[in-house]
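The values are calculated or read from the model by the stated rules, or taken from the named source; none is laboratory data. Here the structure is a predicted model, which means the values were calculated and not measured. Positions of Cβ are backbone-derived with ideal geometry, glycine not excepted, and every protein chain shown enters the neighbour counts. Accessible surface is based on the protein model in full, side chains and every heavy atom, while ligands, DNA and RNA are left aside. Shrake-Rupley method; radii C 1.70, N 1.55, O 1.52, S 1.80 Å.
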Amino acid sequence: MTLYNLGSINADHVYDVPHLPAPGETLAAKSLTIGLGGKGTNQSVAAARAGAKVFHIGAVGSDGAWARDRLASYGVDVRFVETVEGPTGHAIINVDQSAENAIVLLQGANFAFPAALITRALENAEVGDSLLLQNETGFQAEAAQIAQEKGLNVVYSAAPFSVSAIKAVLPYITLLAVNEIEAAQLAEALGVTPEGLDVPEVLITRGKDGATWRSRSGEVHDCDSFDVTPVDTTAAGDTFAGFFAAARAQGAAVPEAMRFASAAAALKVTRSGAADAIPTREEVEAFLAKSS
């Protein structure tokens, strides 16, 4: 099955800082790294590196040819990545000594492409294919509705968190992917418990505490995380989501897909960077072999 991903493309400016800055505080960074990122890009790269066929849908500015080319170099089909006026999206990411991060985003081209791009991209999608979405582009609800009507699975990562954005997409979702903070925020906004979120499938990630998948029918699967020394947690959740979606598209059962995704996320946090640091399928399989 094919994965389509309506997702952001960002230039990540990653600063190594002694601690995350407090309001009004000025910090001297130890280093700066500029790389490829954006939640959408991270998930596309993760899914492609997991072995899935992935079409990315999105846009870069006139300054973003390098980002489009690098995305393609990781095995992602970029025929539906348009070049638009204005800057490519970018992120300022502060990473502290315990590998926690704080991120500021410029939307840029991620909200500047036409809605017609989505219709064109999904024109040849087939029943059983999947559409991945996150909260860093325009036209999420429109894309989700088109995908549902065509019989696609809609996999939605509800970050950055926005109640209004989630409510607009919720009727079309097959799988809702959130971390435990986002799950609690959404449940509170909807007046339910995290276990009571009314979608066919919910995947809740908890970082070092593992992840839980549950279905509307009450089926539940838990997955432990792997014990690694973190260097940079940026894109860990996206790596999990991309590998999980790819594994499910390739026919893996939920427990197998969760373990595969958890191993990929564990490897990712041992490396600095976002999309550029996501491991390959071969690396994940080798890691799992050593961990068994």
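Suppose we keep just the DSSP beta bridges with both residues in the chain; what percent of those would be antiparallel, to 5?
On the way: 22 of 56 bridges.
Around 40 percent antiparallel, to the nearest 5.
Just to be sure I understand: of the beta bridges DSSP finds with both ends in the stretch 177-228, what percent are antiparallel, rounded to 5? Spell out each step's value before the answer.
On the way: 9 of 12 bridges.
Counting only bridges with both partners in the stretch 177-228, antiparallel ones make up about 75 percent.
Please state the charge dipole magnitude for the stretch 2-136, taken about the Cα centre, from unit charges on C-beta atoms (+1 on K and R, -1 on D and E), reported in debye and rounded to the nearest 20. Write out the running numbers ahead of the final one.
Working: 8 positive and 14 negative charges, 52 e Å.
Computed charge dipole of the stretch 2-136: roughly 240 debye.
Can you count the Lys pairs in the chain with C-alpha separation below 22 Å, eight or more apart or on different chains?
Final tally of qualifying lysine pairs is 11.
If you put +1 on each Lys and Arg Cβ and -1 on each Asp and Glu Cβ, how big is the dipole of the stretch 159-247 around its Cα centre, in Debye rounded to 20?
The dipole magnitude comes to about 260 debye.
Could you work out the relative contact order of the chain, using alpha carbon pairs under 8 angstrom and six or more residues apart, expressed as a whole percent? Don't skip to the end; give the middle numbers.
Numbers: 692 pairs, mean separation 56.3, N = 292.
Computed over the chain, the figure is 19 percent.
What percent do you get for the relative contact order of the stretch 216-290 when only Cα pairs under 8 Å and 6+ apart count? Could you put the intermediate results ahead of the total?
Numbers: 89 pairs, mean separation 28.6, N = 75.
With pairs under 8 Å counted, the relative contact order is 38 percent.
Quick one: if the Förster radius is 51 Å, what FRET efficiency do Ala72 and His19 give, using the C-beta to C-beta distance and rounding to 0.05?
For Ala72 and His19, the calculated efficiency is 0.85.
Once ligands and nucleic acids are excluded and a 1.4 Å probe is used, how much of Ser292 is accessible, expressed in Å² to the nearest 10?
120
With the contact rule set at Cα under 8 Å and sequence spacing of 6 or more, what percent relative contact order holds for the stretch 105-222? Don't skip to the end; give the middle numbers.
Working: 180 pairs, mean separation 20.3, N = 118.
It rounds to 17 percent for the stretch 105-222.
Using a 1.4 angstrom probe on the protein heavy atoms only, line up Lys167, Lys39, Lys150, Lys208 by accessible area, largest first. Write out the running numbers ahead of the final one.
Working: Lys167 105, Lys39 40, Lys150 65, Lys208 165 Å².
Largest accessible area first, the list is Lys208, Lys167, Lys150, Lys39.
Describe numerically, in nm with one decimal, the distance between label points set 7 Å from Cα along Cα→Cβ at Ser291 and at Ser215.
In this crude label model, Ser291 to Ser215 measures out at 2.5 nm.
If you restrict to DSSP beta bridges whose two residues both lie in the stretch 57-155, what percentage is antiparallel, to the nearest 5?
Values: 6 of 13 bridges.
So the antiparallel bridges amount to about 45 percent of the total.
Could you give the size of the charge dipole of the chain about its Cα centre, using +1 on the Cβ of each K and R and -1 on the Cβ of each D and E, expressed in debye and rounded to the nearest 20?
Working: 20 positive and 34 negative charges, 83 e Å.
Dipole of the chain, to the nearest 20 debye: 400 debye.
Per-residue accessible area for Ile34 at 1.4 Å probe radius, Å² rounded to 10?
100
With n ≥ 4 as the cut-off for DSSP H runs, can you work out [θ] at 222 nm for the chain, using -39500 (n - 2.57) per run divided by the number of residues, rounded to the nearest 500? Let's see the in-between values first.
Details: 9 runs with 95 residues, N = 292.
Per the formula, -9500 deg cm²/dmol.
Out of Thr174, Gln148, Gly191, whose Cα points farthest toward the positive end of the dipole of the stretch 119-202 (charges: +1 Lys, Arg; -1 Asp, Glu; placed on Cβ)?
The listed residue farthest towards the positive side: Gln148.
In whole Hz, what ³J(HN,Hα) sequence does the stretch 164-172 give by Karplus (6.51, -1.76, 1.60; θ = phi - 60°), x for Gly and Pro?
Listing the rounded values in order: 5, 5, 5, 4, 5, 9, 3, x, 10 Hz.
Length gain on complete extension for the stretch Phe111 to Thr193, per 0.36 nm per residue less the alpha carbon to alpha carbon distance?
Contour length minus Cα-Cα distance gives 26.3 nm.
5 Å is the cut-off here: which amide hydrogens, built 1.01 Å from N in the peptide plane, fall below it relative to Leu132, excluding neighbours closer than 5 in sequence?
Result for Leu132 returns Tyr4, Asn5, Leu6, Val155.
Return the single residue from Ile181, Ile118, Ile173 with maximal mean-square fluctuation; model: Gaussian network over the chain, springs between Cα atoms under 10 Å.
Ile181
Please report the spacing between the Cα centers of the stretch 1-52 and the stretch 113-130 in Å, no decimals.
25
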